[in-house]
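For reference, the structure is listed below as structure tokens.
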Amino acid sequence: MDSDKAINETRTKFFTAVDHFHEELKKIRTGRAHPSMLDGIVVKAYSTTMPLNRVASISAPEAQLLQVTPFDPNNLQAITGAIRDNPTLGLNPMDDGHVVRIPVPSLTEERRREYVKLLGTKAEDCMVSLRTIRHAAFSAVAQAKKDKLLSEDDAKRLEKSIDEAMQQAKSAVEAAEKAKESEIMTI
């Protein structure tokens, strides 16, 4: 067992999980309009379903307003319907025949607390995945030690490196969670 390769693979898995967590954070509303709020929207256009960003450009000209400009004006109704029908957003788009304007209402205190709970759930899911990766890495080290591919000292050193990588990933998740929570709770 090549210990450098093993620790690098484990670090890569840790930071892939952290990157996924960051992508999940983008989906949580903060009360301010941001184009990434519409990342999960799919539109039925040209007899197929496509991501919204493939059929239109999305911008936030104001703090409480999103603007969607379709590349093809024939898709305007499909875009409006897809945004309106998405239950997680709760947005009411309006179109003027050329662009779709989406007012983003400010969040109530109760809704902000719900989003903070959702944030906590997503952070815990990420931590579970990090622990699973660490457990798999420890199992591989134990198996290599059992098969006499690693000495006792090398195994301990490798486990310490895995724990350090885990701590770095955990710190990144906690920092991102804290920043997003303050962003959500800021009025």
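The values are calculated or read from the model by the stated rules, or taken from the named source; none is laboratory data. Values in this document were obtained by computation on a predicted structure and should not be read as measured data. Cβ atoms come from the backbone with ideal geometry, glycine included; neighbour counts cover every protein chain shown. The accessibility values were calculated without ligands, DNA or RNA, using every heavy atom of the protein model including side chains. Shrake-Rupley method; radii C 1.70, N 1.55, O 1.52, S 1.80 Å.
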Subset of the range 80-100 [closer than 24 Å to Glu24 by Cα, touching a helix residue (DSSP H, G or I) at 6+ places or on another chain (Cβ under 9 Å) and open to solvent by less than 30 Å² (accessible area, probe 1.4 Å)]: Ala82, Ile83, Leu89, Leu91, Pro93
Check on Lys148, at positive phi and either surrounded by 16 or more Cβ atoms within 10 Å (Cβ to Cβ) or free of Cβ contacts under 8 Å to residues at least 12 places away in the same chain (or both): yes
Residue within the range 66-79 that is open to solvent by 30 Å² or more (accessible area, probe 1.4 Å) and in a loop (DSSP other than H, G, I, E, B) present: yes
Those residues of the range 100-136 which are in a helix (DSSP H, G or I) and among the charged types (D, E, K, R), in sequence order: Glu109, Glu110, Arg111, Arg112, Arg113, Glu114, Lys117, Lys122, Glu124, Asp125, Arg131, Arg134
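Here are Met37, Met94: which of them is without any contact (Cβ under 8 Å) to a residue 24 or more places away in the chain and at negative phi? Full working, then the answer.
Working: Met37 fails: without any contact (Cβ under 8 Å) to a residue 24 or more places away in the chain.
Sole residue among the options that is without any contact (Cβ under 8 Å) to a residue 24 or more places away in the chain and at negative phi: Met94.
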